[in-house]
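Structure, as structure tokens:
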Amino acid sequence: MKKILFVGSEAVPFAATGGLGDVLGSLPAALMRESSDVDVRVVMPMYQVVAEKYKSQSKLVAEFTVQLSWRKQYCGVWAYKLGAVTYYFIDNEYYFKRQSLYGSFDDGERYAYFCKAVMEMMPYIDFMPDILNCHDWQSALCVIYLKRKYCYLEAYSNMKAVYTIHNIDYQGIYGFDILGDIFCLDSWDRYVVEYDGCINLTKGAIVCCDKLTTVSPNYANEIQTEYFSSGLHHILGMNKDKICGIINGIDVDYYNPETDTAITERFTLDTIEKKTANKLALQKTFGLPENADVPVIAMVSRLASHKGFDLVRRVADEILASDVQFVLLGTGESELEDFFAGLAARYPDKCGVMLAFDKNLAKQIYASADIFLMPSKSEPCGLAQMIASRYGTVPVVRETGGLYDTIKPFNPDIGEGNGVTFQTYNAHDMLDAVRRTLAFYADKKAWNKLVANAMTCDFSWDASAKTYLKMYESL
């Protein structure tokens, strides 16, 4: 039985802010479905939101003291079974009893403690993994600790480390004044984590890991270039033999138009006409004229410039000059929030904007819109384009990262392709892609084929789980 421990800062359904949480909530179960020869477990912090909902249902399995430099901190380890997967929560109220997951002044210390606690907990819970799979900078120190400290102990000596980058923009960069005081590293460890005059935890994990994975094959190639690497292309080039990209999947049971209780009318590809009821309900929700024939273009996203919103701003008036409606759900940069609120005020019959985060409304949008716009400047994997496809909403994406890997341009002559794409990060190239999509929408035969192609794509975790298992086996 191969033992695998996932280490990360969030997981669905416990606490999540993005794609990392989706992966840690879905991939472990998919791995165990795929192979009866693996025991996959997950460890994450017991944030306040986790404790409030799940602590009473969890079991305290270990208590010990964590030595972090001169500090001696309590650690409780709680276990919770979700299906076949055991989740462990690291309990320390000083570090984790807070309203938000990230953004505290002491995040470096919080996650250094978390990583040290993870490494120390293994003997206490009698689970010494063969593979330690750490995700993003918050768990990077586990990889560094394993290779610089713990591998010399017999119990840890055969453990292999996989480091998964979900977004290379977030690297864990700190000054060297806290090398020993916070990160519990010695002067001879300095060269491992040093990059551009700072401590860079992601750089340290890249150097120390046995295998480096990203969340799509194309992103694995992109981050080796200066444009996408956020400065780490030199280190990634030196470690390119370790790198592999494995596309994320989605929970096809949670995102299922046939069974989804969050949407107005459930439907399948065979009953796609029922989708119209969702569209009319969405138009009503956003205060738009209820018209089944008008194409609805949707975006569900964090409002950040790298998500392509600067392109949308540039040609918003030209898009709305067509016979379309546009709906947006999301929060983010205040400048973008102000722009889209103003756009909705200028086009009250064509544009509906909700500056909020609402999971149920997001699912209603996926199930109701005709076109899903995702013009990202960079997108390591992206899940929204897969979710939209699942609900028969045609994705229009820029060919970057995982968007390139998952969405292929529709060719009406041969009936292949599951979306509409554009290459360059240019507002009018995006506008051209939108117009091509609207032309397909006007041709019902072509549109029905495109919708069918999108809905029948297999975006489940099953294929990805097979690839992960092969990668683990190679170690």
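The values are calculated or read from the model by the stated rules, or taken from the named source; none is laboratory data. Remember, it's a predicted structure, so these values are computed and weren't measured experimentally. A quick note on method: Cβ atoms are made from the backbone with ideal geometry, for glycine too, and the neighbour counts reach across all protein chains shown. Ligands, DNA and RNA are excluded from the accessible area calculation, which covers all protein heavy atoms including side chains. Shrake-Rupley method; radii C 1.70, N 1.55, O 1.52, S 1.80 Å.
Quick check on G382: is it within 30 Å of I223 (Cα to Cα) and touching a helix residue (DSSP H, G or I) at 6+ places or on another chain (Cβ under 9 Å)?
When the stated conditions are applied, G382 passes them.
Output yes when any residue across the range 456-475 is on the phi > 0 side of the Ramachandran plot, of a type outside the set (V, I, T) and within 20 Å of the chain's Cα centre (by Cα), and no when none is. Quick ask: steps written out before the conclusion?
Going residue by residue through the range 456-475, those that are on the phi > 0 side of the Ramachandran plot are none.
No, because not a single residue in the range 456-475 is on the phi > 0 side of the Ramachandran plot, of a type outside the set (V, I, T) and within 20 Å of the chain's Cα centre (by Cα).
Regarding the range 314-327, can at least one residue be identified that is out of contact with any helix residue (DSSP H, G or I) (no Cβ under 8 Å at 6 or more places or on another chain), assigned to a helix (DSSP H, G or I) and not hydrophobic (A, V, I, L, M, F, W, C)?
Yes, the conditions are met somewhere in the range 314-327.
Condition first: β-branched (V, I, T) and under 27 Å from the mean Cα position of the chain (by Cα). Now tell me which residues in the range 45-63 satisfy that. Working first, answer last.
Going through the range 45-63, the residues β-branched (V, I, T) turn out to be 49-50, 61.
Hits for the range 45-63 are V49, V50.
Filter the range 132-153 down to the residues that are open to solvent by 10 Å² or more (accessible area, probe 1.4 Å) and either part of a strand (DSSP E or B) or of a type in the set (K, R) (or both) and list them by number.
K147, R148, K149, listed by residue number.
Assess whether G21 counts as being at pLDDT below 95, within 30 Å of E379 (Cβ to Cβ), under 24 Å from the mean Cα position of the chain (by Cα) and surrounded by 18 or more Cβ atoms within 10 Å (Cβ to Cβ).
Values: at pLDDT below 95: yes; within 30 Å of E379 (Cβ to Cβ): yes; under 24 Å from the mean Cα position of the chain (by Cα): yes; surrounded by 18 or more Cβ atoms within 10 Å (Cβ to Cβ): yes.
Yes: the conditions hold for G21.
Which one of E258, E265, E290 is surrounded by 15 or more Cβ atoms within 10 Å (Cβ to Cβ), in a loop (DSSP other than H, G, I, E, B) and either free of Cβ contacts under 8 Å to residues at least 60 places away in the same chain or basic (K, R) (or both)? Talk me through it step by step, then tell me what you get.
On the way: E258 fails: surrounded by 15 or more Cβ atoms within 10 Å (Cβ to Cβ); E290 fails: surrounded by 15 or more Cβ atoms within 10 Å (Cβ to Cβ).
Going through E258, E265, E290 in turn, the sole match is E265.
Of the residues that make up the range 357-366, is at least one open to solvent by 10 Å² or more (accessible area, probe 1.4 Å) and hydroxyl-bearing (S, T, Y)?
There is at least one residue in the range 357-366 that is open to solvent by 10 Å² or more (accessible area, probe 1.4 Å) and hydroxyl-bearing (S, T, Y).
List, please: which pairs have Cβ atoms under 7 Å, are six or more places apart or on different chains, and start with a residue in the range 333-355 that is under 17 Å from E290 (Cβ atoms) and in contact (Cβ under 8 Å) with a residue 12 or more places away in the chain and end with one that is part of a helix (DSSP H, G or I) and of a type outside the set (K, R)?
Filtered contacts from the range 333-355: Y347/L320; K350/L320; C351/L320; C351/L343; C351/A344; G352/A344.
For the range 375-475, please list each of the helices (runs of 4 or more DSSP H) lying entirely inside it that holds at least 3 residues being surrounded by fewer than 20 Cβ atoms within 10 Å (Cβ to Cβ) and modelled with pLDDT of 95 or more. Lay out the reasoning, then the answer.
On the way: elements: 384-390, 401-406, 427-442, 444-455, 461-474.
Qualifying helices (runs of 4 or more DSSP H): 427-442, 444-455, 461-474.
Which of the following residues is closer than 20 Å to E379 by Cα and in contact with a Lys or Arg (Cβ under 6 Å, 6 or more places away or on another chain): A433, A427, A454? Full working, then the answer.
Details: A433 fails: in contact with a Lys or Arg (Cβ under 6 Å, 6 or more places away or on another chain); A454 fails: in contact with a Lys or Arg (Cβ under 6 Å, 6 or more places away or on another chain).
So the residue among A433, A427, A454 that is closer than 20 Å to E379 by Cα and in contact with a Lys or Arg (Cβ under 6 Å, 6 or more places away or on another chain) is A427.
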